Amino acid sequence: MSEVCQSLINDYLSGSLELAELEDGFSSIFTSTPTSYSHAQTYLQELYAVNKIEADKYTEIASLISSVNISSTLSNSTADCDISYFSEDKTLHLTDITDYTSEGPDGDSSDKTVIVRIESNVNSAETEPANHLSSAPPMSGAKIVDKPHRTKRHDNLGPGVTLKDRFVLLEKLGQGGMGVVFKAKDLLKVEAQDRDPYVAIKVLTDAFKKYSGSFIALQREASKAQRLAHPNIATVYDFDRDANTVFMTMEYLKGKPLNQLIKELSKKPLKLNHALHIIEELSSGLAYAHEKQLIHSDFKPGNCFLSSDGQVKLLDFGIARASTQTEEERDNTMFDPAKLCAVTPAYATPEMFAGMNPDPRDDIYGLACVAYQLLSGGKHPYNKVASPKIKELGIKPKPVKGLNRRQQKTLMKALVVDREERIGSVKEFADGMRTRKSHAKKILFGALIIAVIGVGAGYKPFLTFLNEQELYDKISLIKQGNKALMIETIWSLEQLNPEQQKIISVSLRREIITHYRDRIRSVFRPKEGLYDYPEAQSLLSQAKRHYPDSVALSTIEDQIKEQKDRLMGSLISLYDRYLRTGKLVKSTNGEDITTVIPLIRRVDPKHYLLKDKKLANIYLSKAEIFIAKRKFKNASNYISTGLKLFPDDLRLQSLNKQINAQSQN
């Protein structure tokens, strides 16, 4: 496609193409191959760098490329829509907890974040800076005011709107109590030719803007989330504003939220190891947040996300609170999310309803409820009854099938309604929920120590012990991010003895799977112009040789297979259309069969179309017709094209020699 882009630009500069024709050409190419815009931009910059194009022409074509790219992206966005991953939880204003058994529009209000009480004894001067928000008292309709130098407003925010002349909103992903979330294209990433220019943008809802601390609430969410750099927590990039619109940008995820997954479990329950894998990753992210002295305070399925590659992410730290604050820090905090007293009834503890100080054990209760649902086919341990009513009604969770005694005991202890009797840390919960297999490293290490200090332990066992110690040192370095050592370890894995292999496989399971996932992405991502499916399959086979039972790898396998099938369907459709319309040789706009066959060969080198003699016969027949008319140049074009696609065809080779001889006479 780079050649087509170059040809279009050259033709326009030479005067053989009008501007409207150039626009049509770009539109066609960018729609069929989204990454083509980068080829056009690169070539244009090269021309400008060597003074082969005037500044005004450069600006004109660059602007055209940008506008056509945005238009083609918007036109394709509905077909390429990913599953909404922010829960549709709406913030309701309630004065007590008697009404949250009533069902909302979707029939499940217990999963919605509700505000059970609002502290109204804080004046607006303590809550918000005057240069951003009005001085009206809380909940009296205070709105964000425009900065004097910005007059542009976004009253009808939606697809097509550009924020800060940088973020083009493409589609609405979902809506929460605090904000609406959009998929957006970052034009700065586009200019830098980033292969993944998409971000998620959270914009304050009009309803939440009326809350006098809304601006600070979103800024605090962004600030807190930026402190949490962990693979199981969604990344937040920045906080910004454009006139009357305040927003934060964050990692764009593909997949589904756990509340949607849980709704599907009644028909298709998760396998035990898959559910435990999700619980392990949720625990890992939450434990990290607690280490950073931050409590989520609204842990529920809608705030957890399962990405397409099998990785789990925690979302929405909007009402998160620091677990350790001095009295002075609390007095100096202009916005305190605790004043909202926002809870999700089915996952909130009695202490949260009462507005007590946050505690890590509040998050553990929510985590345990989610874990129970994942393990039990979607059933809530207390049938979604709010915790203040559980004791009154005498409800007790039923044991979960498939768990061993230790796991069962751990889960039940995390579901205890009384905070003081509940498990005290996420780490303790995660350790108790793991299978015995996850403790292989500790068991092997303990066995080695016993072998050294036990009766009769000799020199050889002691050397083995030292070798294992070196192995653990290497594992520690890899976990700290030493990628070179990671690659070296994977390459040499099969040369180690079975015990050493087992230690590495268990200890570095997540790191090795992530390594292979990233390598697969680097060779096969059709939307970014990466089509090497055979190499992706080879890498996947290597990974599955180490972890045949990996749910994450199975998810990746299904994902790339689906992408490959969808891609091949499109390519074969194009092939048939170009064959039917006679577009057999290279065209000016790249819409011909010569652009399709090389892609088919890269995706599936053994595809039947690559061996089909029908197309070779057509090239042969066309060439013979032109030879009979003594149009040797046209004949040569068909023969050379045919030989590029079918270099081993003897008839094309023979005719090529014949035409060369005739053209010389």
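The values are calculated or read from the model by the stated rules, or taken from the named source; none is laboratory data. These figures come from a predicted structure and were not determined experimentally. No Cβ is skipped: glycine too gets one built from the backbone with ideal geometry, and neighbour counts run over all protein chains shown.
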Of the residues Ser621, Ser636, which is among the hydroxyl-bearing types (Ser, Thr, Tyr), without any contact (Cβ under 8 Å) to a residue 12 or more places away in the chain and either more than 30 Å from Leu306 (Cα to Cα) or part of a helix (DSSP H, G or I) (or both)?
Ser621
Residue under evaluation Asn232, criteria (1) at pLDDT 85 or above; (2) over 16 Å from Val181 (Cα atoms); (3) in the same structural domain as Ser425 (by TED's automatic domain parsing), criterion not met
(3)
Out of the residues in the range 193-203 that are not in a strand (DSSP E or B) and not basic (Lys, Arg), state the one that is farthest from Pro257 (Cα to Cα).
Gln193
Quick check on my filter: what residues within the range 591-608 are modelled with pLDDT of 85 or more and either of a type in the set (A, V, I, L, M) or not in a helix (DSSP H, G or I) (or both)?
Ile593, Val596, Ile597, Leu599, Ile600, Val603, Asp604, Pro605, Lys606, His607
Scanning the range 193-205 for residues that are over 14 Å from Phe247 (Cα atoms) and over 18 Å from the mean Cα position of the chain (by Cα) gives Gln193
Of the residues Ile53, Ile9, Ile61, Ile29, which is of a type outside the set (S, T, N, Q) and either surrounded by fewer than 17 Cβ atoms within 10 Å (Cβ to Cβ) or modelled with pLDDT under 80 (or both)?
Ile29
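Does the range 540-549 contain at least one residue that is in contact with a Pro (Cβ under 9 Å, 6 or more places away or on another chain) and modelled with pLDDT of 85 or more? Even if it seems obvious, please write down each step before you answer.
Let us first name the residues in the range 540-549 that are in contact with a Pro (Cβ under 9 Å, 6 or more places away or on another chain), namely none.
No, because not a single residue in the range 540-549 is in contact with a Pro (Cβ under 9 Å, 6 or more places away or on another chain) and modelled with pLDDT of 85 or more.
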From the set of residues in the range 161-193 that are at pLDDT 85 or above and at positive phi, which is surrounded by the most Cβ atoms within 10 Å (Cβ to Cβ)?
Lys164
What are the residue pairs meeting all of these: first residue in the range 17-32, first residue under 15 Å from Ser63 (Cα atoms), second residue at pLDDT below 80 and aromatic (Phe, Trp, Tyr), Cβ atoms under 8 Å, and 6 or more apart or on different chains?
Phe26/Tyr37; Phe30/Tyr37
Any idea which of (1) farther than 30 Å from Leu615 by Cβ; (2) charged (D, E, K, R); (3) modelled with pLDDT of 90 or more is the one Glu488 doesn't satisfy?
(3)
Going by the conditions given, is Ser573 touching a residue at least 40 places away in the same chain (Cβ under 8 Å), surrounded by fewer than 20 Cβ atoms within 10 Å (Cβ to Cβ) and hydroxyl-bearing (Ser, Thr, Tyr)?
no
By residue number, the members of the range 241-285 that are in contact with a Leu (Cβ under 6 Å, 6 or more places away or on another chain), at negative phi and small (Gly, Ala, Ser) are Ala275, Gly285
Is it true that some residue in the range 328-340 is at pLDDT below 95, buried (at least 18 other Cβ atoms within 10 Å of the Cβ), in a loop (DSSP other than H, G, I, E, B) and aliphatic (A, V, I, L, M)?
no
Expected single match for acidic (Asp, Glu), touching a helix residue (DSSP H, G or I) at 6+ places or on another chain (Cβ under 9 Å) and exposed (fewer than 13 other Cβ atoms within 10 Å of the Cβ) among Asp549, Asp558 is Asp549
Tell me whether the range 586-595 contains one or more residues that are in contact (Cβ under 8 Å) with a residue 12 or more places away in the chain, within 30 Å of Arg517 (Cα to Cα) and surrounded by 18 or more Cβ atoms within 10 Å (Cβ to Cβ).
yes
Which of the residues spanning the range 390-415 are in contact (Cβ under 8 Å) with a residue 24 or more places away in the chain and either in contact with a Phe, Trp or Tyr (Cβ under 9 Å, 6 or more places away or on another chain) or of a type in the set (Phe, Trp, Tyr) (or both)?
Ile390, Pro397, Val400, Leu411, Ala414, Leu415
Scan the range 397-423 for residues that are crowded, with 16+ Cβ neighbours inside 10 Å, assigned to a loop (DSSP other than H, G, I, E, B) and of a type outside the set (A, V, I, L, M, F, W, C) and jot them down.
Pro397, Arg422
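For the range 32-49, name all the residues that are among the polar types (S, T, N, Q) and either buried (at least 19 other Cβ atoms within 10 Å of the Cβ) or at pLDDT below 70 (or both). Spell out how you get there, then give the answer.
We begin by selecting, within the range 32-49, every residue among the polar types (S, T, N, Q); these are 32-33, 35-36, 38, 41-42, 45.
Those that are among the polar types (S, T, N, Q) and either buried (at least 19 other Cβ atoms within 10 Å of the Cβ) or at pLDDT below 70 (or both): Ser32, Thr33, Thr35, Ser36, Ser38, Gln41.
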So, in the range 424-463, of the ones that are of a type in the set (Val, Ile, Thr) and either under 33 Å from the mean Cα position of the chain (by Cα) or at pLDDT 65 or above (or both), which residue ends up surrounded by the most Cβ atoms within 10 Å (Cβ to Cβ)?
Val426
Select from the range 596-651 the residues that are among the aromatic types (Phe, Trp, Tyr) and surrounded by 15 or more Cβ atoms within 10 Å (Cβ to Cβ) and list them in ascending order.
Tyr619, Phe626, Phe632, Tyr638, Phe646
Would you mention how many residues in the range 522-567 are within 20 Å of Ile478 (Cβ to Cβ) and touching a strand residue (DSSP E or B) at 6+ places or on another chain (Cβ under 8 Å)?
1
Based on this model, can you work out whether Ala243 counts as within 30 Å of Val161 (Cβ to Cβ), surrounded by fewer than 24 Cβ atoms within 10 Å (Cβ to Cβ) and modelled with pLDDT under 85?
yes
Taking the range 160-192 and keeping only residues that are assigned to a strand (DSSP E or B), small (Gly, Ala, Ser) and more than 16 Å from the chain's Cα centre (by Cα), one is left with Gly179
